[in-house]
Amino acid sequence: MDLRDYWRAIRKRWWLVLGAVVVSAGVAVTVTLLTPPRYAASVTFFISTRGTEVTQAFQGGQFAQDRVKSYVDVLTSNRLAQAMVADGSGSSAEEIQESISAQVVPDTVLVEATVTDENRARALALTQSLAAEFPKLITTLETPPGSKVPTVGVQIIAEPKLADAPVSPQPVRNVGLGLALGLIVGVGAAALRESLDSTIRGPEALSAAASAPVLSAIPFDAKAEKSPLITEGSAQSKRAEAMRQLRTNLQFVNVDRPVRSFVVTSAMAHEGKSSTVCNLGIAFAEAGRRVCIIDADLRRPKIDEYLNLEGAAGLTDVLAGRANVRDVVQPWGKSGLWVLPSGYVPPNPSELLGSGNMADLLTALAAAFDVIIIDTPPVLPVTDAAVMSTLADGCLLVTRHGKTTTSQATAAAQAITAVGAKLHGCILSMVPAKGAGSYTYYTYGYTENSDAKSAESVAPPVPAKPFPARAPQPSPQAVTRPVPVTPVQPTPVQPTPVQPTPVQPGPSSPAPPVTPGRGQSGGARHLRGVDPEQTAVLPAPHTYHPDRAVYEGTATVRPNGTGNGHTSYGDDVRRRR
């Protein structure tokens, strides 16, 4: 991944980066608060060798620099700690040894020792004990056998001093490190999640996965959970406009054979399938179409809940022969929308939907309605949707943004096409309004709080009837087919030809030439629809009157062999081309 990919991952999953930073900073703060404060006291020693001459002093300095590195280990040794315990420090040798740290000042013969402890007074006391016992121990170690004078001398040049503030914890450093670590972890997690994410987050990815066009992208609406229908105060919202776009696209998916019945399904559950069916039916009804919604989801029916209808009797009762479709179909609103609920939940939904009664019912309903929308269960868990797709004109696949994976969309599309059904297109639901893959199609002029009327008040009023006027007969086979009408051939008219009279212009004003005008061409007028085998007499200007600048008389229409009559104004009028 390059920098652009990392930036895209951060923008898409900013919440993951932010969460890692917050967690890391929280851990740093917690550790800082829970860590007890520790205080430090330090002392500095000067190491020298005994010599009076210059050469001896120089050699002694080199010797001291070499030996001073060993004194760091002596300061942190157990022997010195034992000596400090004997001095009455009140702590064990192990505790004293762990609390002492030492370092050599670079390029010098200075050694700095530091004692840290949770108690301020004890830290200072241990440092004073160290300042007293360390020179004694070095004198003992550096005194040759048989001599009373040590070769190395240790002097204190900085008395034990206690620091004003605790040396640990350090809040600023801890929180800063926590933020930096959280940022690194968050960016890495976002990049890893981006590389491993297989969910569909855009129309292009959905079209490629399902090998079908994306007919509409429905934006996410926080109010949809409480108001799922586009008529409930959101007729001019972005979601309503997306439904109208879907309605328009469905009218052009097959111009040679318009789609009148289609199945709406999804790959998995909870992808917005049933709410899409209801809103799409409302959108078609707004356009003045007679719409019938069939709740064929016989496992988890939802249409009656969304539309607030009685769903105890419905499709299953009609298929079982226990009820007539006229008795169970219910009108909704005043815009020509009718609903056939699911009825009771049967033990064999797939067999019931694939029966001949279901095919006959769709045929009968097609004679009464302009559009039939069928809600079915998800296509991957069960086969109901695939069975129903073979009976309808096609199928629509609903996928949810950020939830449906590419493999699920591909498998769902293959399950539909495997049975010979037509997948007209896909619908991407719950597209976020902001961020990567956001819904940006309808941002002009549409607000949630606009004063536009709801869809129910805008739709043309249609009187609610128990069943549409074009309802089928009780038997699905008794569908009246239109009787072809044989066109009546018109009887040709045989007009009587009249010899034209020459134009008689006035003595003082010669007849002006005929100028082509509206319906004329070069002094002639073409009349469409004239039989080329006939000659008709039509009233037309003939005699020229200078005072009124008009012709009066008759004109002869002669066939010209092309189906268009040619009108001439007497023999003295020259035809112009």
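Put simply, the stretch 320-419 fits an ellipsoid with semi-axes of 26, 17, 13 Å; these come from the alpha carbon gyration tensor as the roots of five times its eigenvalues, largest first. If the segment from Gln414 to Asn119 were pulled out straight at 0.36 nm per residue, it would be longer than the present Cα-Cα gap by 98.8 nm.
The trypsin sites (Lys or Arg not before Pro) found in the stretch 132-186 that occupy coil by DSSP, while having at most 10 further C-beta atoms within 10 Å, are Lys148.
Loop-located GluC sites (Glu not before Pro) in the stretch 203-254 (DSSP state not H, G, I, E or B) with no more than 16 neighbouring Cβ atoms inside 10 Å: Glu225, Glu232.
Ile156 contributes an accessible area of around 60 Å² to the protein surface, as traced by a 1.4 Å probe with all chains present. Would you kindly state how much longer the chain becomes between Ser407 and Arg322 on full extension, computed as 0.36 nm times their sequence separation minus their alpha carbon distance, in nm to one decimal? Extra length available between Ser407 and Arg322 comes to 26.4 nm.
So the label point goes 7 Å from the Cα of Glu159 along Cα→C-beta, right? Which residues of the stretch 106-136 then have their backbone N under 13 Å from it? Of the residues in the stretch 106-136, 128 have backbone N under 13 Å from the label point off Glu159. Put a plus charge on the Cβ of each Lys and Arg, a minus charge on the Cβ of each Asp and Glu, and nothing anywhere else: the dipole of the stretch 170-290 about its Cα centre is then about 260 debye. Rounded to the nearest 0.05, the FRET efficiency derived from the C-beta distance between Gln251 and Asp360 at R0 = 22 Å is 0.25. Inter-label distance, Leu110 to Thr199: 6.1 nm, where each label sits 7 Å from its Cα along the C-beta direction.
Computed from the alpha carbon positions, the gyration tensor of the stretch 214-371 leads to an equivalent ellipsoid with semi-axes of 25, 18, 15 Å, biggest first. What the Cβ-Cβ distance of Thr35 and Ala189 gives, at R0 = 35 Å and to the nearest 0.05, is a FRET efficiency of 0.80.
Packing order of peptides 24-36, 355-367, highest average first: 355-367, 24-36 (average count of other Cβ atoms within 10 Å over each peptide's residues).
Spacing of the modelled spin labels on Thr390 and Trp14, each 7 Å from Cα toward Cβ, amounts to 5.1 nm. Do the alpha carbons of any pairs in Lys12/Lys422; Lys226/Lys273; Lys226/Lys334; Lys273/Lys403; Lys226/Lys403; Lys334/Lys422 sit beyond 25 Å of each other, and which pairs? The answer is Lys12/Lys422; Lys334/Lys422. So what's the net charge close to Met243: Lys and Arg +1, Asp and Glu -1, counting the other residues with Cβ under 12 Å from its Cβ? Combined, the nearby Lys, Arg, Asp and Glu give +1.
The values are calculated or read from the model by the stated rules, or taken from the named source; none is laboratory data. Note that the structure is a prediction, hence the values are computed from the model and not measured. Note that each Cβ is placed from the backbone with ideal geometry, even for glycine, and that neighbours are counted across all protein chains shown. Surface accessibility is based on the protein's heavy atoms, side chains included, excluding ligands, DNA and RNA. Shrake-Rupley method; radii C 1.70, N 1.55, O 1.52, S 1.80 Å.
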